[in-house]
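The values are calculated or read from the model by the stated rules, or taken from the named source; none is laboratory data. Source: prediction; values computed, not measured. Neighbour counts are summed over all protein chains in view; Cβ atoms, including those assigned to glycine, are modelled from backbone coordinates with ideal geometry. To get the accessible areas, we keep the full protein, side chains included, count just its heavy atoms, and leave off ligands, DNA and RNA. Shrake-Rupley method; radii C 1.70, N 1.55, O 1.52, S 1.80 Å.
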Amino acid sequence: MDGSTVFRLETATTAPSAARPVALGLPAIPLTSRTLMLTTVARPPSLKRVAAASFTGTALEWYDYYLFGTAAALVFNTAFFTDLDPLAGTLASFATFAIGFVARPLGAAIFGHVGDRYGRKRSLLITIVMMGAVTGAMGVLPTYETIGLAAPVLLIVLRFLQGIAMGGEWSGASALITEHAETRNRGFYAMLPQLGNPVGILVGVGVFTLLTNIQSPESFQAWGWRVPFLLAVPFTIVALWIRTAIDESRHFAAEAAEAGAAERRIPLVQVFRAEKTRLLAGIGVAFLGIAGYYFSDTFLLNYGTRQLGIDISFLLNAGLVASVLNIPLFVLWGLYANRVGGTRISVIGGVATVLFAYPMFVLVGQGSALAVAVAMVTGSTLVSISFAASGQILNELFPTATRQSGIGLAYNLAGAVSGFVPFIATVIIDAAGDARLWATAGLLMVIALVTLGGTVAARRLRLPTSTPPSTDPAHDRKGPAAHERFRQITSPRQPRSRARTRVPRPR
């Protein structure tokens, strides 16, 4: 709570003989049916402020994470794995990229415990600082030519720490904003942490595109790739400043005050003991949004530049276009989710991805720069539909006491598998020969079908009590009756009818 107050008039209905003390030391006043009382109510936390904190933090996290994915496709195979042949270097680079996804479930467990026990805000402050510090350290990391084998070892360690921070970031931001939002607009606000994905990627792509356009390939490989990593430090300071001003959610505060010690002892144990089915459904819900993106962006970026010889800047511009398109599309899908629910949005995304997976790889098979760019934009747009709705679906699967742990594990276990998708796709397209188009398209179809199955299961498992309390203080403190009284008092007064009903007096 921010400590500010608003005033509300209440009509007292007590008998004339009753008396009630009034604040500020004034004497007791006899109340009649026409007496009005002036009371104070704490102002609810600013939803816009919480939304800004959730959005900017996740945008920074995705910016940092995207940097590593792009650098893994363009730089790290030569800067840190010099002794390997090009294909082996690329595979080693993508394997290092996947290590971060393996670390994400560990981060979800650690920061899920912090968020469910001590508050969403505390976990978010830790993750944002950790992510910025690790990404900045990558920007000053010496290469293999300078320190030898220590370079790839340090890169793997930093990537592991980055994955831990990322594992706790999204779940905390998603739980916080969803618990602040009301039911009627929850679809939109639950989408905001996902909106940080295209915005963060847009900034990352923009920085990489600018550097590759103004620098020679030699300069970019030598030192230019470090600039985006170093820019994460000032971005982190801004995001940290925004997050220090937010309030804890009412839903978590009420749960923490009412729950017993046994219920809140170890949230992670509760998830695995009582909510295993919900966890599996949540993994399926999140799978397409994460794996499909790295399939259509990271894998195709590497394949287009390494195998087809397409200019790096051209495909980075394609990623830029995809991010620009996804920003308004995310907003539209979030608004539409307010009307139809996140489940239908996720189903639309899964079905569309299955239908367009093979045509997308027919474009890739043509080998032209424009065709590959169109395939990248199409793939990114398709998988973003389910991704936009995943936050609402996941938050409605788990109760408040284990929400951050539950959604964090579901999201990041899906991410742990997704991190190997570029690696698997590279192996498939190299080994499938003439059937490589069907093989790679089939992989994307399987990913989409997993999400469709998870979405259907999540609809059946959705908790009817998962609706966060209203941000109206009267509703939170005194129940629906007080909420209705608050509405009647603050709404415009309707003119009274002059007709009177005669009531016969008893004889």
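At a glance:
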quantity	calculated
Modelled FRET efficiency - R0 25 Å, ASN185 with SER46, Cβ distances, 0.05 increments	0.95
Hydrodynamic radius by Kirkwood, which averages 1/r over all alpha carbon pairs of segment 174-217, in angstrom	12.5
Total formal charge among the other residues, if their Cβ is under 15 angstrom from that of ASN338, Lys/Arg +1 and Asp/Glu -1	+2
Sites ASP430 and ALA254, calculated FRET efficiency, Cβ-Cβ separation with R0 45 Å, nearest 0.05	0.25
FRET efficiency, LEU332 to GLN215 (Cβ-Cβ, R0 41 Å, nearest 0.05)	0.65
Length released on extending from ARG273 to ARG344, taking residue separation times 0.36 nm less the Cα-Cα span	22.6 nm
Accessible area per residue in Å² at 1.4 Å probe, computed on segment 340-405	27
Calculated Rg and Dmax of segment 198-323 using C-alpha coordinates, Å	21.6, 62
Three-way shape call for segment 335-437 based on the alpha-carbon gyration tensor, with the a/c threshold at 1.5	oblate
Reciprocal mean inverse distance between Cα atoms of segment 350-403 - Kirkwood radius, Å	12.9
Alpha-carbon radius of gyration plus Dmax, which is the widest Cα pair, for segment 269-313 in Å	17.5, 51
Cα gyration tensor shape of segment 315-370, rounded if a/c is under 1.5, else prolate or oblate by comparing a/b with b/c	oblate
Mean Cβ neighbour count within 10 Å, used as a protection proxy, ranking 163-174, 111-122 highest first	163-174, 111-122
Relative compactness, segment 115-201, computed as alpha-carbon Rg over 2.2 N^0.38 Å	1.40
Alpha-carbon centroids, segment 300-362 and segment 210-257: separation in whole Å	23
Distance between modelled label sites at ALA439 and VAL233, nm, 7 Å Cα→Cβ extension	4.5
Principal axis box of segment 282-350, alpha-carbon based, largest edge first, Å	45, 25, 14
Shape of segment 185-250, Cα gyration tensor, a/c cut at 1.5	oblate
